[in-house]
Amino acid sequence: MRNNKRVTIKHIAQVMDVSPATVSKALRGSKEISREVQGKIRDYARRIGYRPDLIARALSSRQSGMLGVLVPNMQDNLYAKLTIGINEQARRRGFFPMLTLSENSLENERSSLELFFDLRVDGVILTPSANIASLDIYRPYEEMGLPIVYTGMNINAPQNDRLVVDVNIALEAAKDGANAANLLIDTIQRRNRITQRRDAV
């Protein structure tokens, strides 16, 4: 019979006769733990099917490693290439993109943004629905601390100091997607450094 009980860091620590902190650092590849110890812990974790608790990690580290991506549809070649660029660059930098489609519905956008917030994504790349009057409709999410990079075809809404990547032609959309991912990740990491400095005071 298959054992469905979740394997925890505490269990690994007990078997390997080390502290849970050592296991956590080893699984993250911390330089504080020797390569030999890291190898033994990782091998054992792999053998017993250990999977990290992403929600617990997000709570403790204030990072989930996930990015929300919201575009109108995937039929348009521009949005398809945009998301390809986002996906490739985000994964290259150690982040996992979560894609949802708005179908140009403000209600779908709202529910997706609320889902992203509840899942504690580190930030969002958003292509707004067609004919929005102002990017200010997204301000409540920004004020809750959710970093957002806006992408689109010549976004004509007032931009103020928001993070915006213009997307004009499908041939360049993959590159623009990568730029959007880099801009968002750089912003997330800069905020995290500021938060860590404040916590250290």
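Within the stretch 77-134, restricting attention to residues that are under 19 Å from the mean Cα position of the chain (by Cα) and polar (S, T, N, Q), which residue is nearest to residue 161 (Cα to Cα)?
It comes out as 127.
Condition first: modelled with pLDDT under 85 and not in a helix (DSSP H, G or I). Now tell me which residues in the stretch 3-31 satisfy that.
3, 4, 5, 6, 7, 8, 29, 30, 31 - these are the residues of the stretch 3-31 that are modelled with pLDDT under 85 and not in a helix (DSSP H, G or I).
Say we look at the stretch 113-129 and pick out the residues that are in contact with a strand residue (DSSP E or B) (Cβ under 9 Å, 6 or more places away or on another chain) and under 21 Å from residue 78 (Cα atoms); which of these is surrounded by the fewest Cβ atoms within 10 Å (Cβ to Cβ)?
Step one: list which residues in the stretch 113-129 are in contact with a strand residue (DSSP E or B) (Cβ under 9 Å, 6 or more places away or on another chain), which gives 113, 115-117, 119-128.
Now narrow it down to the ones that are under 21 Å from residue 78 (Cα atoms): 124-128.
Numbers: 124: 24, 125: 27, 126: 26, 127: 27, 128: 22.
Step by step, filter the stretch 113-129, then rank; the result is 128.
Checking residue 84 against (1) touching a residue at least 24 places away in the same chain (Cβ under 8 Å); (2) surrounded by 15 or more Cβ atoms within 10 Å (Cβ to Cβ); (3) not in a loop (DSSP other than H, G, I, E, B), which test does it fail?
Just one mismatch for residue 84, condition (2).
What about residue 68, is it in a strand (DSSP E or B), surrounded by 20 or more Cβ atoms within 10 Å (Cβ to Cβ) and modelled with pLDDT of 90 or more? Give the derivation first.
On the way: in a strand (DSSP E or B): yes; surrounded by 20 or more Cβ atoms within 10 Å (Cβ to Cβ): yes; modelled with pLDDT of 90 or more: yes.
When the stated conditions are applied, residue 68 passes them.
The values are calculated or read from the model by the stated rules, or taken from the named source; none is laboratory data. Owing to the predicted nature of the structure, the values given are computational and were not obtained by experimental measurement. Heads up, the Cβs are rebuilt from the backbone with ideal geometry, glycines too, and the neighbour counts pull from every protein chain shown.
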